[in-house]
Amino acid sequence: MNNHGALPTSSYFFHRPMPEGLEGLNDLALDLRWTWSHFSDRLWERLDHETWERTGNPYFILQSVSQARLEEAAQDLELRRDLQSWLKERKDYLKEPGWFGATHATELLQKVAYFSMEFGLSEALPIYSGGLGILAGDHLKTASDLGVPIVGIGLLYQQGYFRQILSPESWQAEAFPYNDPISLPVMPVPNLEGGWLRVKLQLPGRTLLVRVWQANVGKVRLFLLDSNDPLNAPRDRSITANLYPGGQEQRLIQEMVLGIGGWHVLEDLGYQIDICHLNEGHAAFVVFARARSCMMNTGLSFYEALWTTRAGNVFTTHTPVEAAFDRYEPTLIRPYADYLADLLKISRDQLLAMGRQNPNNAHEPFNMAYLAMRGSGAVNGVSQLHGQVSRKIFQTLYARWPEAEIPVGHITNGVHVPSWDSPAADALWTKHCRKGRWIGTLDNLCSNMSQVTDEELWNFRVSQRLELIHYVRRRLERQLREHGAHSDLIQQAHHVLDPNVLTLGFARRFTAYKRPTLLLWQRERLLRLLSDPHHPVQLIVAGKAHPHDDEGKRLIQTWAQFATHADIRDRVVFLEDYEMALAQELVAGVDVWLNTPRRPLEASGTSGMKVLVNGGLNLSELDGWWAEAYTPEVGWEIGGEGIDVHPERDASEAERLYQCLEDHIVPEFYDRDQEGIPRTWVHRVRTSMSKLTPQFSSNRMIREYVERVYLPAAAAYRHRSGDEGKRAKDIQQWKHQLDEHWPLIRFGEIQMAPAEGGFFLEVQVYCGEWNPQFLCVELYADGLDRAEPEVHVMAQRGSLPGMVNTYVYALHLSTQRPFDHYTPRIIPFHPDISVPLEIDYIIWK
Ligand SMILES: *Cc1c(COP(=O)(O)O)cnc(C)c1O
């Protein structure tokens, strides 16, 4: 099938016919590229200004605009010209090979399937709740720009994440508006017969039908699955109704729909998949589905098929706390596991063992992250620090291995810059770094941006802040009207905030570990900052709490009530219903973006990266991405060290937050020269913009995924699936023998002698019947001062005279460290197998 083009028009189900001259509009409206290429904004605005402003959904505009308006638009020559030039621009974009097409042999990577429980592409497609989803959305958008062959798999929720309304007491209430799929920018996927593509999923006692929708993200297709099919049993129709439902069983079935149903969709559509990328453990059931397909296609057994397919599975973990992993109690999952185990021709216990820490403990819940670990050939966290934290978390699966060697790397998140730059920032960057700058390798962006003059940069910042303030006033007014506020209050909303005052932004999920109220630690001190007669600051705050998180709701209430203080009402605004559209405005306009999590609980954090391109600065805990990005030239930090949580540090970090504002940020912002420019501030903005924007872009992130993960994993997968399954059979056979012989392998005598600059070591290893070619004997020492551990391979010096199956390994090591820092160990070796990810055996002396 044609994976890159739009499906033929004849197969559209619900399109409203467009008048002559406007035929291309449906295609444009169904390509979510309008979320990052603002080329077409003018067109939608002209068609129906109000609907565009309220919904940001062009597809809905085409459905709701009057026929008379359409006919009129069809006569509007200028509009038609715009449309034609946009259609041409889109056609060119779709043909553009991008970085991947231009620099890599595309046959080395046919297709990556990216599985995620949520996708944050636009507020017009509300199937996301926060950072995880927005990262997934940015991943697809960037893959489109760079020509990386990806297809997305997700769920279409009839009720996405909730909308937030505050009660008169500032307590969060939730509304769950119904997403009418007909008005979302998605369309049904036809099957070969021209009907609606559905896949079947076997559940205990019944078959679930799952309908398939398609969203276009530039060159990338996103398939969304939904169970609201009239042919399903009534209660099954609501399986995909909510994002993150309360019930465990519904959640389990959703994850089966994502992993297993998603895999079937790819098969039915004829995709040749090299890589399955599991964005969080939610998608881990694809490990089973993919292995099952491999069994059907090759006749391999489950474990042989797992050896083959695992090499092509990639797992990205996103949480820094073990408690956040999805787990299912044995009694809940058993009936589902029985069915799966039958298909895979293994026992239920064998299947459940894949999700347990201790494979033999039948009482242990089934952990989706463990399944993802055991089913993947590469695993990564989302920042350097989070990689470290994840190694600690997953150490339970590799009990006898040192923490530093737990097989979890990291690729630091990034944001899709064209989605988060304001039109003015786009213009500024275009002037200095040309158009199309985000689709290549970002060379020269930094040096070009460092040429921008102080005057230009400061004028840009001033206008960005002014625009934000206008937006906040409009939004606040709407918020007050919706609450039926008194007209005096609405009148006041027209004057809140001051375009010349240092503007701080804080917006994110409200939950205890993010410490949203750290800035309120000493209210008097904050009030002084806000109401300083000469050098005041002002604050814009937004954020939702999880519907069941009363602590988070209390934190919202604290801020919202603080914002109503009569003395500072013009200086602090709490905006309801934080979502992507609001985030876009905030990150474009604020001077300083604040982030105060308890280290190391923010795995990466991405909102702070969104201010970079717009010239905003970061003041943050040294956690997640900021622990890597921070230097004194680009922003400010409020401390944080280690990988353990220390709530008792709240007080000292709050103190540092105030000091930073009082002693550094406020003085620097207001330190103006004769031209009215704060030179040091502007210098800092320039450094942060030019150095950090490319580094924390998803462009850099995707290139790392491609080069460090996707390409090697695709090569490994092809190698293992080669030879018509013989390699996988050989590996399984080999592993079988290893299991048999491993218990007999042991150390014999060990001899150490001081030698030139260190020591000389000889160890004897008894190998039993096992071929020593498949062993590796190493000398290990923990790293000093957080350095990487030392691992030295010992050379085999032949067999021990007079003994059977006993070999001597030797090493001359030059080192300052004493011998007792070192321990010899034996691990399995096989050129195709990743140790310890795939085999965690280890024998220590
Ligand atoms: C970027 C973004 C997030 C994630 O940001 P964090 O830094 O992880 O809090 C959450 N919600 C919205 C609407 C966003 O735009």
Report the calculated FRET efficiency for Arg528 and Arg54 (r = Cβ-Cβ distance, R0 = 35 Å), to the nearest 0.05. 0.30
If each of Arg797 and Ala651 carries a label point 7 Å out from its Cα toward its Cβ, how far apart are those two points in nm? 6.1 nm
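Under a Cβ-only charge scheme (Lys and Arg +1, Asp and Glu -1), can you give me the dipole magnitude of the chain about the Cα centre, in debye to the nearest 20?
Computed charge dipole of the chain: roughly 1260 debye.
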If each part is reduced to its alpha-carbon centroid, region 700-743 and region 638-680 end up apart, in Å, by 49 Å
For the pair Arg69/Arg163, report the inter-label distance in nm, with labels modelled 7 Å from Cα in the Cβ direction. 1.8 nm
Looking at the chain, which longest stretch skips every one of the GluC sites (Glu not before Pro) that is in a DSSP loop with at most 16 other Cβ atoms within 10 Å, leaving the sites themselves out? 194-632
In the chain, if the dipole is taken from +1 on Lys/Arg beta carbons and -1 on Asp/Glu beta carbons about the Cα centre, which of Phe285, Gln164, Cys446 is farthest to the positive end? Phe285
According to the square roots a ≥ b ≥ c of the eigenvalues of the Cα gyration tensor, what is the shape class of region 323-388, taking rounded for a/c under 1.5, prolate for a/b larger than b/c otherwise, and oblate for the remainder? prolate
Counting other Cβ atoms within 10 Å of each Cβ, which chymotrypsin sites (Phe, Trp or Tyr not before Pro) in region 481-514 have at most 14 and sit in a DSSP loop? none
Out of all DSSP beta bridges with both ends in the chain, state the antiparallel percent to the nearest 5. 55 percent
Under the helix-only model (-39500 (n - 2.57) for each DSSP H run of 4 or more, divided by the residues of the chain), the mean residue ellipticity at 222 nm, to 500 deg cm²/dmol, is -10500 deg cm²/dmol
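Given charges of +1 on the Cβ of Lys and Arg and -1 on the Cβ of Asp and Glu, with all other atoms neutral, how large is the dipole of region 439-689 about its Cα centre, in debye to the nearest 20?
640 debye
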Take Arg481, project a point 7 Å from its Cα along the Cβ direction, then tell me which residues of region 145-181 have their backbone nitrogen under 11 Å from it. none
Using a Förster distance of 25 Å, the FRET efficiency for Lys345-Asp832 (Cβ separation, nearest 0.05): 0.55
For the chain, which semi-axes, largest first and in whole Å, follow from the square roots of 5 times the eigenvalues of its Cα gyration tensor? 48, 36, 25
For Lys88, counting only lysines whose alpha-carbon sits under 17 Å away and dropping same-chain residues fewer than eight positions off, the answer is Lys219, Lys435
Assuming R0 = 22 Å, can you tell me the calculated FRET efficiency for the pair Gln737 and Asn360, based on Cβ-Cβ distance, to the nearest 0.05? 0.50
Run the simple label-point estimate for Ile750 and Thr453 please: 7 Å along Cα→C-beta, distance reported in nm. 7.0 nm
Which trypsin sites (Lys or Arg not before Pro) in region 330-392 sit in a loop by DSSP (not H, G, I, E or B) and have at most 14 other Cβ atoms within 10 Å of their own Cβ? Lys345
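If you average the sequence gap of Cα pairs under 8 Å that are 6 or more apart and divide by the length of the chain, what percent do you get for the contact order?
11 percent
All of the numbers you see were taken from the coordinates with simple rules; none came from a lab. A quick note: this is a predicted structure, and the numbers were derived from the prediction, not measured. Cβ atoms come from the backbone with ideal geometry, glycine included; neighbour counts cover every protein chain shown.
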